Amino acid sequence: MYMTNIALPRNHKEHTMVIDRRGFLVGAAGAGLAATFQPAWAQTKEAVRIGVPTGITGNWSALGSQIQRTCRLFAKTVNAKGGIDGRQVEFFFEDTQGDPAACVRKTSELIEGRGVKLITGVISSGESLAIMPRLADWNALYLAGISGVGSLTAQHFVPNAFRTCTSGPMRARAISLWFAKSPKMKFFTIAQDYAWGKNSLSTFEQLIGGLGKQAVGSVLTPLGTKDYSSYIARIRQAKPEVLYVAMSGDDATAFLKQAGQYRLGEQMQIVTEVLDLLNTRPLGDAGVGLYGVSQYNYAFDAPANKEFVRIFRAEYGEIPDTWDGEAWQGLSLLAEGVRRAKSVDAMAVRKALVDLEIESVKGRVKLRGCDQQGEQSVFIARLEKSADASYPLPKIIETFSSDAVIPACRKDTF
């Protein structure tokens with residue numbers, strides 16, 4: 001079953017119809033829904049068809065909802081202006097539930113079953129690493145806008161994959177540089193037990209060790225953990241001065257809420273590698289003072305970001321979060337690649353993306369050719385009360401240039 005959204009001119013209401021593969025109108029219930037967003041008018045050029053195998057249900061569904069809404073907004077905005085080089089944009093969504101095997105299956109269906117050769121929106125690093133070895137055989141192109149594991153652009157590098165967001169090692173490096181000026185010496189790390197979490201934990205411990213600071217403990221938590229009380233007890237027993245958190249999605253929300261209930265922040269400084277509104281908004285004012293990496297920041301002073309925030313707030317009535325901004329940046333890079341290639345052929349677009357530079361929502365971003373990692377600044381932020389929202393927002397307190405935080409080409413260590 002697939003779902004088709006037809007974008008009509010602005011003086012019409014948006015209509016949605018759900019049809020099965022035989023063309024009969026049916027209900028929208030059931031798993032494995034895919035969505036296509038395309039214009040009602042005829043196209044003179046082949047459309048830019050983008051596959052998005054993402055977390056629609058499961059542990060990553062909250063992140064997946066950000067990806068979906070930003071893709072919809074991107075299509076609406078770009079198509080209203082005539083498309084990308086005269087080509088309308090279509091998105092096809094598939095639910096991977098955060099499972100690597102399902103991600104391979106759903107991506108294969110998009111590519112081999114529907115001929116969609118441009119892929120983005122995959123959430124977990126495990127999923128990204130699962131599909132990347134297949135890209136050459138599929139003759140497909142993948143833009144990773146979420147997955148943070150360092151090996152994606154290092155030992156697992158493949159020519160048909162680009163990373164448009166910061167990597168875990170880049171974020172860990174920024175935090176370690178920030179702490180280099182701090183008198184705090186004892187650190188504890190908690191991370192999710194999968195590729196990105198493991199990579200971030202080991203990278204951060206290596207970096208603080210290089211600063212002469214001490215790792216007094218670490219723990220990896222299974223994906224989907226609901227009760228963190230035993231882990232919090234271990235953290236308190238270790239008596240660190242700083243707790244480094246490498247968690248995302250529903251897990252991060254649950255941990256930060258429970259850390260607040262145990263008043264962990266009164267005993268140590270908590271800093272998170274991913275400072276998402278998704279995770280911090282439920283904390284309310286109790287989140288004030290939390291530090292971390294703001295991968296994308298709505299208040300960053302760049303023309304492209306101001307315009308993105310304006311149209312996002314007009315459409316959704318709220319501030320864009322981390323993965324909204326990351327998705328927009330990735331799609332902006334892909335769009336420029338299509339323009340320069342003057343084609344939607346995956347290999348032509350791939351060639352156009354190598355060493356591509358654009359002015360994005362984070363300022364200047366370049367997909368460096370040697371490993372296809374996006375060169376970009378990394379922001380350290382602190383949650384503070386703001387007139388822009390009823391909940392605390394991340395305020396940038398320090399910015400690290402790409403040169404200061406990015407590993408050498410095809411490396412994920414420093």
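Output yes when any residue across the stretch 214-230 is in contact (Cβ under 8 Å) with a residue 40 or more places away in the chain, among the β-branched types (Val, Ile, Thr) and outside any loop (DSSP other than H, G, I, E, B), and no when none is.
no
Among Gln66, Gln88, which is of a type outside the set (Gly, Ala, Ser), at pLDDT 95 or above and under 30 Å from Phe157 (Cβ atoms)?
Testing whether each residue is of a type outside the set (Gly, Ala, Ser), at pLDDT 95 or above and under 30 Å from Phe157 (Cβ atoms) leaves just Gln66.
Failed condition for Ala259, given (1) of a type outside the set (Val, Ile, Thr); (2) assigned by TED's automatic domain parsing to the domain that holds Ala387; (3) in contact with a Lys or Arg (Cβ under 7 Å, 6 or more places away or on another chain), with all others met?
Exception for Ala259: condition (3).
Of all the residues that make up the stretch 289-311, how many are surrounded by fewer than 24 Cβ atoms within 10 Å (Cβ to Cβ) and in contact with an Asp or Glu (Cβ under 6 Å, 6 or more places away or on another chain)?
1
How about the stretch 81-101: which of its residues are within 17 Å of Ala341 (Cα to Cα), assigned to a loop (DSSP other than H, G, I, E, B) and in contact with a Gly (Cβ under 9 Å, 6 or more places away or on another chain)?
Passing the criteria: only Gln88.
Sort out which residues of the stretch 255-272 are in a helix (DSSP H, G or I) and not aromatic (Phe, Trp, Tyr), and write them in order of number.
Selection gives Leu256, Lys257, Gln258, Ala259, Gly260, Gln261, Leu264, Gly265, Glu266.
Which is out of contact with any Cys (no Cβ under 9 Å at 6 or more places or on another chain), on the phi < 0 side of the Ramachandran plot and outside the structural domain of Tyr142 (by TED's automatic domain parsing), of Ser386, Ser360?
One residue alone meets the criteria, Ser386.
Which numbered condition trips up Ser390, out of (1) closer than 30 Å to Lys81 by Cβ; (2) more than 19 Å from the chain's Cα centre (by Cα)?
Going through the list (1) closer than 30 Å to Lys81 by Cβ; (2) more than 19 Å from the chain's Cα centre (by Cα), Ser390 breaks only (1).
Do we have Ala346 as surrounded by 20 or more Cβ atoms within 10 Å (Cβ to Cβ) and more than 30 Å from Phe204 (Cα to Cα) here?
Yes, satisfied.
Given the criterion touching a helix residue (DSSP H, G or I) at 6+ places or on another chain (Cβ under 9 Å), hydrophobic (A, V, I, L, M, F, W, C) and in a helix (DSSP H, G or I), identify the matching residue among Val158, Val104.
Val104
Given Ile146, Ile84, Ile123, which one is crowded, with 24+ Cβ neighbours inside 10 Å, of a type in the set (A, V, I, L, M), under 27 Å from Arg368 (Cβ atoms) and touching a strand residue (DSSP E or B) at 6+ places or on another chain (Cβ under 8 Å)?
Ile123
Tell me which residues, restricted to the stretch 187-213, are assigned to a strand (DSSP E or B) and closer than 14 Å to Gly168 by Cβ.
Thr189, Ala191, Gln192
Yes/no per residue for (1) touching a residue at least 24 places away in the same chain (Cβ under 8 Å); (2) part of a loop (DSSP other than H, G, I, E, B); (3) more than 29 Å from Leu177 (Cα to Cα); (4) not aromatic (Phe, Trp, Tyr):
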| position | (1), (2), (3), (4) |
| --- | --- |
| Glu336 | no, no, yes, yes |
| Arg340 | no, no, yes, yes |
| Arg350 | yes, no, yes, yes |
| Asp355 | no, yes, no, yes |
| Ile358 | yes, no, no, yes |
| Val365 | yes, no, no, yes |
| Gly369 | no, yes, no, yes |
| Phe379 | yes, no, no, no |
| Leu383 | yes, no, no, yes |
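Looking only at residues in the stretch 168-186 that are assigned to a helix (DSSP H, G or I) and small (Gly, Ala, Ser), which one is farthest from Tyr291 (Cα to Cα)?
Gly168
Would you mind finding the one in Gly145, Gly168 that is touching a Gly at 6+ places or on another chain (Cβ under 7 Å), within 20 Å of Val354 (Cα to Cα), in contact (Cβ under 8 Å) with a residue 60 or more places away in the chain and not aliphatic (A, V, I, L, M)?
Residue meeting the stated conditions: Gly145.
Val274 - would you say it is within 17 Å of Arg382 (Cα to Cα), surrounded by fewer than 18 Cβ atoms within 10 Å (Cβ to Cβ) and of a type in the set (Val, Ile, Thr)?
So Val274 fails the test.
The values are calculated or read from the model by the stated rules, or taken from the named source; none is laboratory data. Bear in mind that the values here come from a model prediction, so they are computed numbers and not experimental data. Backbone-built Cβ (ideal geometry, glycine too); neighbour counts: all protein chains shown.
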